Amino acid sequence: MTSAQNNDQRLLDRILNDQHRRLAPEQPRDDFFTFFAADKALQDWDLDSDEILDGIVDGAHDCGIDGIWTFVDGRYVTADARQYLTSRAGTIELVVLQAKISPGYQETVFEKLHFHLPTLLDMSRDEEELVGHTNAKLLERTRRFRIEH
């Protein structure tokens with residue numbers, strides 16, 4: 001973060017550094033920040049660390065998405081959750097995370113999300129067209145949202 005930080009930024013930076021040192025000192029700071037941001041964004045769903053990591057898709061060809069989690073009736077949808085889902089869902093929630101450790105967002109982040117999300121979530125998408133420029137983990141996680149009962 002920049003040297004002209006306000007008090008909130010300084011406090012958040014200190015919390016992040018303390019948590020990083022305590023929980024995952026061997027992990028690169030940017031990777032830990034993505035996990036930290038996901039943990040805070042998903043706190044209402046009470047996910048464990050493995051479930052949080054399961055939804056992180058950050059990396060090459062991530063289409064501007066650092067994490068994506070699908071919930072059906074408040075339950076996190078994992079690869080093996082299909083067998084537990086009822087045929088009629090009351091609510092389907094999709095949490096998409098874009099986390100930056102820098103002090104501001106660049107417009108290109110939002111442009112990437114705006115461009116890619118409709119295609120990734122399209123029920124009739126052509127997977128072959130996506131394979132060349134979308135990472136495999138992101139494709140699999142968006143399949144969970146498109147689950148057919």
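The values are calculated or read from the model by the stated rules, or taken from the named source; none is laboratory data. Just so we're clear, the structure is a prediction, and the values are computed from it rather than from any experiment. Cβ atoms come from the backbone with ideal geometry, glycine included; neighbour counts cover every protein chain shown. Accessible surface areas use protein heavy atoms only, side chains included; no ligands, DNA or RNA. Shrake-Rupley method; radii C 1.70, N 1.55, O 1.52, S 1.80 Å.
What to note about this one:
- Shape annotation for region 90-139: C-alpha extents along the principal axes are 37, 35, 18 Å, from largest to smallest.
- Solvent-accessible area per residue for the chain (1.4 angstrom probe, square angstrom): 63
- Principal-axis analysis of the Cα atoms of the chain puts helix 136-145 at an angle of about 60° to the longest axis.
- The alpha-carbon of LYS137 sits under 18 angstrom from the alpha-carbons of these lysines, leaving out residues fewer than 8 places away in its chain: LYS112.
- Of the whole protein surface, ILE56 contributes about 30 Å² of accessible area at a 1.4 Å probe radius.
- Point-to-point label distance, VAL131-GLN9, nm (Cα→Cβ direction, 7 Å offset): 4.5
- log₁₀ of I(q)/I(0) at q = 0.12, 0.17, 0.18 Å⁻¹ - the chain, Debye sum with one point per alpha carbon: -0.57, -1.05, -1.14
- Only DSSP H runs of four or more residues enter the estimate; each adds -39500 (n - 2.57), and after division by the residues of the chain the mean residue ellipticity at 222 nm equals -13500 deg cm²/dmol.
- By the Kirkwood approach, averaging reciprocal distances over each pair of separate Cα atoms, region 1-75 gets a hydrodynamic radius of 13.8 Å.
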